[in-house]
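J.: Dropping a structure here in structure tokens format, bear with me for questions.
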Amino acid sequence: MNELLTAKKLLVRVASALVVLAAVMFVCSLIGTRNVPLKAVFVPVRLPRVILAAIVGAALACSGVVFQALLRNPLADPYILGISSGAGLGAIIAVISGFSWTLWGRSPIAVFAFAGALGTVWLVWFIGRVTGKSHVTGLLLAGVVVNAFFSALIMFLTSVAKSQQVYATIFWLMGNMTEEDFLVLWLGAGCVAAGMLMLFYISPQLNAISFGEDDARSMGVNTARTRTIAFAVAALITAVAVSLSGLIGFVGLVVPHAVRLVFGPDHRQLLPLSGIVGAIFLVAADTLARIIVAPAQLPVGVVTAIVGGPFFLVLLVKHTHKVGWLSK
Amino acid sequence: MSIIEVSHLSFGYPVGPRFATGRKTETHVEVLRDLSFEVMAGTFLVIAGPNGAGKTTLLNLLCGSLAPKSGSIRIDTAAIESYSTEALAAKVAVVRQEFVPVFGFSVIEMAMMARTPYYGQMGFESKDDRDIVNEALEATDTSQFASRTLASLSGGERQRVFIARALAQSTAILLLDEPTSFLDLKHQVGIYDLLKRMQLEKGKTIVAITHDINLAAQYADVTLLLGADGSYQYGRTKDVFSTEQIEKVFGVRTFSGKVGQEKFFIPLGKFAKDSAQINGKPDSSRQK
């Protein structure tokens, strides 16, 4: 941390992280409680799910980084601006209305969740703009209130729904992975990878924005453009992740902090490394979720919090002297 | 040559958002009214005045963070609104009042951010950028803690780091908003010495907001004294500051005395021990 980041250092670190990711994905594809022939492991059964976990983990961790930087708030996570409740509302509406069509192999739950997520972010963003262009407090408050309001709607709908529907919804809200078509995976992976590239492209500007928008502007950073791109891309990849897997908590909050504690706050490095670490973390967590209570399966959100919480606290205690926002 | 040219500048803050008041036109609280002045390149300007007189507002107008309601600002002979964010950052650097960021960036990482507009395609600085930043750290005597985090520094050290970042922008103009508030005597003088050196050695134009009339009297070539009622005084520092003028603008009586060539002011409160004596004969030094 003592010297400046160089392109070479960054490349070496990202490449090694990618190697670790590939290894973890390979090993996790082999682990399972059902006996499947080796060939079948990779193609139809486990690999698609492992890939899905990697995509979702990367998306959530990256958008966590972005929201923490833009809102200058270490408590921010991908869901802070209401994406979770919007998606949840969309999902439960889809469940209750009992649609049975599919779109590109996706159930109506996913489609409605995606639309709900993006709609909510747009609403919060719009309210935030009215309350003040460069003040994040208005945006944060709008997010919190919209979240609370939609959560109330979700609870209302769950209490009037049939028990079968309630079960499906709650499972979704806890975050859940299922085996997916390759087409869906490619679409998701494409969106998330493109989003991450775009975010990396504006990462030097995100560094400057960490010091406040006025400061960043006087350093020559076009803050309006950076902010819009960052918000839009982060919201989009979060919505993709949420519609693929439901609400998986913890990854988007904790992975960015863990990476920052170990490697420092420079977003040029923080973004790609958080993406990869988020992918590794979720692949491992989902593998645990598959085998711990086999033949049943745990929702992966349970595992991320149970495993991730203590792990993060250890990191926090060990590295806290290095960062400015906790120790004075 | 004048590097900053302000003419007939007015600015007001809107009262409440438009939809909340229900009116078609926004109402404004006027802060600056018909302000005109010119700053020659390479001078040290101090902006003084009571709270709410619009000092920080003026600074935000000069760096393009705010847009004037009427009137114009020209930086280096071109209208300020004709600059892009990037181009303006190559002319004007700003040190705002102290701000502690959320994340643990190190001193050199932060100083390097001043070079963000010049990063290469991959988002990394060039050798030149490194040299410029190192030079700025040397000039502000902050290179010995280049790798420490901002939060681990004292107030005076941190202020020097923010000045280093502004220097690393390699601009002709340096704007500072109360660079010495919260600092002890030694560091106050240290910061002003540093700014004066930048003016004399590098020919930078320094514009600093301050509440410290005596430091201003020592270091500034010209002074802009803003009154809370929209009035202002602009001129050579020794012409602008006088007991009468200070009493008029700040509403506070001062005792003024001379040490060598420099004039100094001591504010007098109602309960000042010698206030009865001195109040009878203001500016008593003249009688000696």
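Quick note: the coordinates plus some simple rules give every number you see, no bench work behind them. Owing to the predicted nature of the structure, the values given are computational and were not obtained by experimental measurement. Methodologically, a virtual Cβ is constructed for each residue, glycine included, from the backbone with ideal geometry; neighbour enumeration extends over all protein chains shown.
J.: Would you mind giving the mean number of other chain beta-carbons within 10 Å of the Cβ of each residue in B:150-156, as a whole number?
T.: For this peptide, the per-residue mean of nearby foreign Cβ atoms is 2.
J.: For the stretch B:66-161, with only Lys/Arg (+1) and Asp/Glu (-1) charged at the beta-carbon, what is the dipole magnitude about the Cα centre, in debye rounded to 20?
T.: 320
J.: Another question about this same structure. Over all alpha-carbon pairs in chain B, figure out the percentage whose distance exceeds 33 Å.
T.: Result for the distance tail: 30 percent.
J.: Just tell me, in residue order, which DSSP H segments of chain A are both 18 angstrom or longer along the helix axis (alpha-carbon based) and at least -1.0 in mean Kyte-Doolittle hydropathy.
T.: Helices passing the filter in chain A: A:7-30, A:46-71, A:83-97, A:108-131, A:136-160, A:182-201, A:223-245, A:267-291, A:300-319.
J.: Would you mind getting me the FRET efficiency between residue B:202 and residue A:75? Use the beta-carbon distance for r and R0 = 51 Å, nearest 0.05.
T.: Computed FRET efficiency for residue B:202 and residue A:75 comes out at 0.75.
J.: If you average the alpha carbon positions of the stretch B:46-103 and of the stretch B:128-167, how far apart do those two centres end up, in angstrom?
T.: Their Cα centres are 22 Å away from one another.
J.: Given the -39500 (n - 2.57) contribution per DSSP H run of 4+ residues, what per-residue ellipticity at 222 nm results for chain B, rounded to the nearest 500 deg cm²/dmol?
T.: Value at 222 nm, helices only: -9000 deg cm²/dmol.
J.: Next question, about the same structure. Quick one: go through the stretch A:227-261 and flag any residue whose amide nitrogen is under 18 Å from the point 7 Å out along the Cα-to-Cβ line of residue A:153.
T.: Under cut-off, by backbone N: A:239, A:243, A:247.
J.: Is it possible to state the helix-based mean residue ellipticity at 222 nm for chain A, with each DSSP H run of 4+ residues giving -39500 (n - 2.57), the sum divided by total residues, to the nearest 500 deg cm²/dmol? What is it?
T.: Calculated mean residue ellipticity at 222 nm is -25000 deg cm²/dmol.
J.: A further question follows. Mind checking the mean number of beta-carbon atoms from other chains within 10 Å of the Cβ atoms in B:140-147?
T.: 1
J.: Is there a simple number for the mean count of other chain Cβ atoms within 10 Å of the Cβ of residues in B:111-121, and what is it?
T.: Neighbouring Cβ atoms belonging to other protein chains average 4 per residue here.
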